[in-house]
Amino acid sequence: MARFLLFNLLIISNFSLAKIASFDLCADQWLLSFAEPGQVAFLTPLSQDPSVSYFHSKAKNYRIQSPNIETLLSENVTVVLATNYINKSVQHLLEKQGIKVIVIPPIKNLNQLLFWANRIKKITLSKSEIILKLQSVKEDTPPTETALYIGIGGSSPGTETLVDQAINLAGFRNINTSKGWRYMGIESIITQNPDYIFTTGVGTKNYAFVNHPAYDKLTKSTIMPIAQNHTVCACPQSFVDFIKVLKNAKK
Amino acid sequence: MQKNKYQKSIFILFSMMFVCFIGSLLIGKVNIFPSLFDSKSNEMAFIILSEIRLPRTLLALLVGASLGLSGAILQGFLRNPLAESGIVGISSGAALGSVLCISLGVSAHFSFLIPLFGMAGATITAGFLYIILKKYFNVYTVILVGIAINSLASSLTSVILNISKNPYSALEIIFWLLGSLEGRTMDHVILCLPFIIVGWGILWHTRQGLDALSLGEETAQSLGYSVKNTYQKIIVGVALCIGASVAVSGIIGFVGLVVPHILRLWVGQKPSNLLVPSMLGGGIIVLSSDIITRLPLWDTELKLGVVTSLIGAPFFIHLIFKYRKKYAGI
């Protein structure tokens, strides 16, 4: 208990005055979920792009900068939040200058999402209630309908992906049972004939894919476009809302 | 004797192409062969065959034949063993047009704009070449201006990639540039077919001029063939068939370069004798590469341009070493 309190105290003392900068789009989403504009040194320009950023309109209240080493040093940033895309040499260079770099790994399930949500909440001293919403997400009755999500570049999520978990939590059975993201191809999808096909709708490939004449003739799938900014980055709010969108599609 | 050998080679190539054609219809991620004879599931098999596999098989044939024919014509006309449609910049021009369409975002809602933009890119490039070389024509200028236009179009494509704000649109551009026939429909075939057929027709008419040119420019002119006229026909023909091909498939490398070299060893050096075999050879290579892309050996579908280059490059090196004595200076 004492250790836990000490750990929390350390976190609070370290980060209460922290000037946090984001290094990439997904780090933007985490900061937009938990941090106030005053705590954030800057977000990246992609945070305002509605096609990829879930919180694009909220991002307009924050400062925007390109996240290069020179900017980070000149802005006296104390913490940099990044995801796996950060170059290791850049990370070392920043750490050498005394900047704390927090790297969020690829999130594959709800537990990992909860873990990181708690951690970022502590760092930002946020009062957000999104963690409660995350904890209340539960699986409905056993899935009766099948679904497939076609993401960017035509690939679909299988097991050990957050999108797969969202599909299951929304009450569907994902027809892609392979591990990780995998490209399925029109022929495989047609023969498996899912009840629902959720697609980002953005991007030529996906559009051409679901508009292929073979789909019309063979499948009875309901094709639902879903904004791709729900699934580009793992972040608590977009995950909760994504499940809601999937459930609504079912209705 | 020579005629017999030519006919025999055409027959063999045609048979190989036919086998690849059937293979392309039957091989894929899903085994449709048993379903074809099962009355319960043959509707699905038939639709997969007619709506998915037939269009891409036809496109592979058209694109491969166009690449092979253009390579043979350009190598004969420019008397340069490295000539292919890429060297005159038309492929890059078509690619630039299509990439521009993807980056502007309009293709997300009207996917048919990609081939249309591609054809527009090829036409503008060909028009540019035509205007420049109308005034300052000779074979070396054709190669040099072609290389310059090719570099310019490639650089502009890189600029679009470089300034692309959305990483996913950049990803889509890169994938498109790697070449693929996946997801193409009969509409794509109908869109590119007229341009390709007219292009083939124009290129076919240059065959006697090419034979005459192989004896030297002066001899060709004394026989009544104008080098400039032949060139103008070639540029229009290549622009039509390669522009339309790149517009529907993306960039597919090495076919136009390798196929004429392989077949020259078989059917001889006479340029006109090389045209039909190169069309058939191009069709065989693109068809077989497309079959490889969809073999159920890999999790993802390989890109066609990647496979043609993987097959073409080592084979080309093999040819160079095997026949280096025939090619003086290599």
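The values are calculated or read from the model by the stated rules, or taken from the named source; none is laboratory data. Just so it is clear, the model here is predicted, and its values are computed rather than measured. Note: ideal-geometry Cβ built from the backbone for every residue, glycine included; neighbour counts use all protein chains shown.
Assorted remarks:
- Test: residue B:132 is at pLDDT 80 or above, farther than 16 Å from residue B:244 by Cβ and part of a helix (DSSP H, G or I): yes
- Test: residue in region B:142-165 that is more than 20 Å from residue B:227 (Cβ to Cβ), β-branched (Val, Ile, Thr) and within 14 Å of another protein chain (Cβ to nearest Cβ): yes
- Yes/no for residue B:172 being in contact (Cβ under 8 Å) with a residue 40 or more places away in the chain, within 14 Å of chain A (Cβ to nearest Cβ) and more than 22 Å from residue B:256 (Cβ to Cβ): yes
- Qualifying residue in region B:144-160 (condition: surrounded by 14 or more Cβ atoms within 10 Å (Cβ to Cβ) and not in a helix (DSSP H, G or I)): no
- Of the helices (runs of 4 or more DSSP H) that lie entirely inside region B:1-89, those containing 2 or more residues that are under 30 Å from residue B:140 (Cβ atoms), touching a residue at least 12 places away in the same chain (Cβ under 8 Å) and hydroxyl-bearing (Ser, Thr, Tyr) span B:54-78.
- Residue in region A:167-174 that is more than 8 Å from chain B (Cβ to nearest Cβ), under 20 Å from residue B:47 (Cβ atoms), at pLDDT 90 or above and part of a loop (DSSP other than H, G, I, E, B) present: no
- When A:86, A:104, A:131 are screened for being modelled with pLDDT under 90 and crowded, with 19+ Cβ neighbours inside 10 Å, only A:86 passes.
- Residue B:207 charged (D, E, K, R), in contact (Cβ under 8 Å) with a residue 12 or more places away in the chain and within 14 Å of chain A (Cβ to nearest Cβ): no
- When the residues of region A:211-225 are filtered to those that are more than 10 Å from chain B (Cβ to nearest Cβ) and within 29 Å of the chain's Cα centre (by Cα), the one that is nearest to residue B:48 (Cα to Cα) is A:221.
- Checking residue B:8 against (1) surrounded by 13 or more Cβ atoms within 10 Å (Cβ to Cβ); (2) basic (Lys, Arg); (3) more than 29 Å from residue B:248 (Cβ to Cβ), the condition it does not meet: (1)
- Residue in region B:249-270 that is of a type outside the set (Lys, Arg), touching a residue at least 12 places away in the same chain (Cβ under 8 Å) and within 14 Å of another protein chain (Cβ to nearest Cβ) present: yes
- Out of A:191, A:199, sole residue that is at the interface with chain B (Cβ under 10 Å from one of its Cβ atoms) and over 30 Å from residue A:121 (Cβ atoms): A:191
- Residue match in region B:298-309 (condition: within 20 Å of residue B:77 (Cβ to Cβ), crowded, with 19+ Cβ neighbours inside 10 Å, among the aliphatic types (A, V, I, L, M) and in contact (Cβ under 8 Å) with a residue 24 or more places away in the chain): no
- Boolean, residue B:91 is among the polar types (S, T, N, Q) and either touching a Ser or Thr at 6+ places or on another chain (Cβ under 6 Å) or farther than 30 Å from residue B:163 by Cβ (or both): yes
- Failed item in (1) farther than 23 Å from residue A:241 by Cβ; (2) modelled with pLDDT of 90 or more; (3) of a type in the set (Phe, Trp, Tyr), with residue A:55 passing the rest: (1)
- Residues that are among the polar types (S, T, N, Q) and exposed (fewer than 14 other Cβ atoms within 10 Å of the Cβ) were ranked within region B:23-43; the one that is farthest from residue B:56 (Cα to Cα) is B:39.
- Complete set of residues in region B:161-185 that are part of a loop (DSSP other than H, G, I, E, B) and at pLDDT below 85: B:164, B:165, B:166, B:183
- Residue within region B:52-64 that is hydroxyl-bearing (Ser, Thr, Tyr) and more than 14 Å from chain A (Cβ to nearest Cβ) present: no
- Answer from B:47, B:32, B:87 - the residue that is modelled with pLDDT under 95 and within 16 Å of residue B:259 (Cα to Cα): B:87
- Unique residue being β-branched (Val, Ile, Thr), over 15 Å from the mean Cα position of the chain (by Cα) and over 16 Å from residue B:73 (Cα atoms) when the list is B:292, B:252, B:262: B:292
- Residues (over 18 Å from the mean Cα position of the chain (by Cα) and within 14 Å of chain A (Cβ to nearest Cβ)) located in region B:106-141: B:106, B:107, B:108, B:109, B:110, B:111, B:112, B:113
- Filter result (within 9 Å of another protein chain (Cβ to nearest Cβ) and not small (Gly, Ala, Ser)) within region A:175-188: A:182, A:183, A:184, A:186, A:187
- All conditions in (1) touching a residue at least 24 places away in the same chain (Cβ under 8 Å); (2) touching a helix residue (DSSP H, G or I) at 6+ places or on another chain (Cβ under 6 Å) hold for residue B:124, with the sole exception of (2).
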